[in-house]
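The values are calculated or read from the model by the stated rules, or taken from the named source; none is laboratory data. Predicted model only: the values in this text are computed from it and were never measured. Methodologically, a virtual Cβ is constructed for each residue, glycine included, from the backbone with ideal geometry; neighbour enumeration extends over all protein chains shown.
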Amino acid sequence: MEITRKARERLDKLMDERRLDLGFTWRYVAVRAGLSYEAIRALRTGSGGIRSLTARKLDRALQWKPGSVERVLKGGNPVTSAVTPVQRALIEGAENALGGSVHTYGGKVRPREENGG
């Protein structure tokens, strides 16, 4: 998909607003997305396309529902996930304590079981 300059600037603005709402730095967004800081900067200010996989990574990093980056580029609005920043902080703290093996179920954070869990 061809990305216009106006669409790119709008995406950058909405990503920046979301990042600030979550209290994230751009470097932290990059880590969460599994991308380099330079790649994030290029996505925000560059002129090239954005691959679907990269868009999905950005959605996850910014706690947007899947398809939000592509929605923004088409003139729509991102949809935020139901997880609040406080809930996300609790989940991330549990992930750090348990080595990343956490999932949510029914609004509760529980350790993920190795077999079938």
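Quick one: is L22 touching a residue at least 60 places away in the same chain (Cβ under 8 Å), out of contact with any strand residue (DSSP E or B) (no Cβ under 6 Å at 6 or more places or on another chain) and either among the hydrophobic types (A, V, I, L, M, F, W, C) or under 20 Å from V79 (Cα atoms) (or both)?
Yes.
So, in region 96-117, exactly how many residues are modelled with pLDDT under 65 and either exposed (fewer than 11 other Cβ atoms within 10 Å of the Cβ) or under 25 Å from R19 (Cβ atoms) (or both)?
The number of residues fulfilling the criteria is 14.
Is it the case that G93 is farther than 23 Å from D16 by Cβ and at pLDDT below 75?
Spelling it out, it is not the case that G93 is farther than 23 Å from D16 by Cβ and at pLDDT below 75.
Test E9 against the stated conditions and say whether it is more than 16 Å from W64 (Cβ to Cβ) and assigned to a helix (DSSP H, G or I).
yes
Scan region 44-64 and give yes if some residue there is closer than 19 Å to D21 by Cβ and assigned to a loop (DSSP other than H, G, I, E, B), otherwise no.
yes
Taking the residues in region 17-72 that are of a type in the set (S, T, Y) and at pLDDT below 90 as candidates, determine which candidate is surrounded by the most Cβ atoms within 10 Å (Cβ to Cβ).
By that ranking, first place goes to T45.
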